[in-house]
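First the structure, in the form of structure tokens, and then the observations on it.
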Amino acid sequence: TKKLYLPYQGKKGETLVRSLNKTLKSVIVNDQIKTQMIFKSQRLSSMFNIKDKTKKEHENNVVYKINCPDENCTETYIGETERRVFERVLDHSGRDKNSTVFKHSMLSGHKPITIDDVELIAKGFKRNDTREITESFLIIEQKPTLNIQNLFKTIQLFTT
């Protein structure tokens, strides 16, 4: 049996299938070849994206970059978080007094950061170690001036 899958198109589709079946029966005289037409429904999401885009402040499991909001300042910071970005912005704006981003704004007299000063540079991580490794690579590559840690996530490639 040969199967032909067609998207369901309402009454016009049903009429087309009846017509095709009639034509096939008149053309194919050999009873060994049978054709079956099946309607296959389509998901609405296959036609267009139905999900709302997640706002930056609600994203989680990301690596982010903060640029100092002062237009004459080039200081930057790269971090990672499992939590929502909005929570990290609150930390860097003064909730966490040990944040180097907060300390920079206090010592320089620059205004605290807002969500607009945050750029998501990697997202969609399913594992913490992958996110942490990505952060380490980006810190080494971009050399942000406000990152002070000397320890990076280590990768064990081979076991001995």
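The values are calculated or read from the model by the stated rules, or taken from the named source; none is laboratory data. All values reported here derive from a predicted model rather than from experimental measurement. Quick note on the areas: whole protein, heavy atoms, side chains included, nothing else; ligands and nucleic acids left out. Shrake-Rupley method; radii C 1.70, N 1.55, O 1.52, S 1.80 Å.
Once every Cα of segment 56-142 carries one equal point scatterer and solvent is ignored, give the base-10 log of I(q)/I(0) from the Debye formula at q = 0.11, 0.20 Å⁻¹, two decimals. With no solvent term, the Cα-only Debye profile gives -0.28, -0.90. Here segment 48-133 exposes an accessible surface that is 47 percent carbon and sulfur, computed with a 1.4 Å probe and the other protein chains kept in place. For segment 63-109, rounded, prolate or oblate, judged on the Cα gyration tensor with a ≥ b ≥ c (square roots of eigenvalues), a/c < 1.5 rounded, else prolate if a/b > b/c? Because a/c hits 1.5 or more and a/b fails to exceed b/c, segment 63-109 counts as oblate. What pairs in Lys51/Lys103; Lys11/Lys51; Lys12/Lys53 have C-alpha atoms more than 32 Å from each other? As for pairs spanning more than 32 Å Cα to Cα, those are Lys51/Lys103; Lys12/Lys53. What segment 56-142 shows is 56 Å² of accessible area per residue, with the surface traced by a 1.4 Å probe over protein heavy atoms. Straight Cα distances below 17 angstrom link Lys123 to the aspartates and glutamates Asp52, Glu57, Glu59, Glu80, Glu82, Glu87, Glu132, Glu135, with same-chain residues fewer than 8 positions distant left out. Between Gln9 and Glu14, the built amide H atoms are under 5 Å apart, and every one of these is 5 or more places off in sequence or on another chain.
For Val62, the residues whose modelled amide H falls within less than 5 Å of its own, excluding neighbours fewer than 5 places apart on the same chain, are Thr81.
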